[in-house]
Amino acid sequence: MAAGKRITIYGIKNCDTMKMARAWLDAKGVAYDFHDYKSQGVERKLLETWARSVGWEILLNRAGTTFRKLPDGESRASAKRRRSRSCSTSRP
């Protein structure tokens, strides 16, 4: 990465994985901006770009409490691309 170039990481502030990622970046002296999409949200267009790039299955945190609180029919086999976009933008 070029010196002085900042990156943006997206996540939830209190997530243990995000805490570890930020600690690692801090230890390495990497400049970054943190976008807490739980409090700041995420634009649908950006979410769709990520889904095309890595697939919606990677973006949707199926281990998280929000996903686990969904009704069974919604949280299991029916977690389709359309639902993941909606769920991610309305319940980050």
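Once label points are set 7 Å from the Cα along Cα→Cβ at both R44 and R6, what is their separation, rounded to one decimal in nm?
In this crude spin-label approximation the distance works out to 2.9 nm.
Would you kindly compute the Cα radius of gyration of segment 1-41 and its largest Cα-Cα separation (Dmax), both in Å?
Every Cα atom of segment 1-41 included, Rg and Dmax give 10.6, 30 Å.
Every number here is computed from the coordinates shown, using simple stated rules; none is lab data. These numbers come from a predicted model, not from an experiment. Cβ atoms come from the backbone with ideal geometry, glycine included; neighbour counts cover every protein chain shown.
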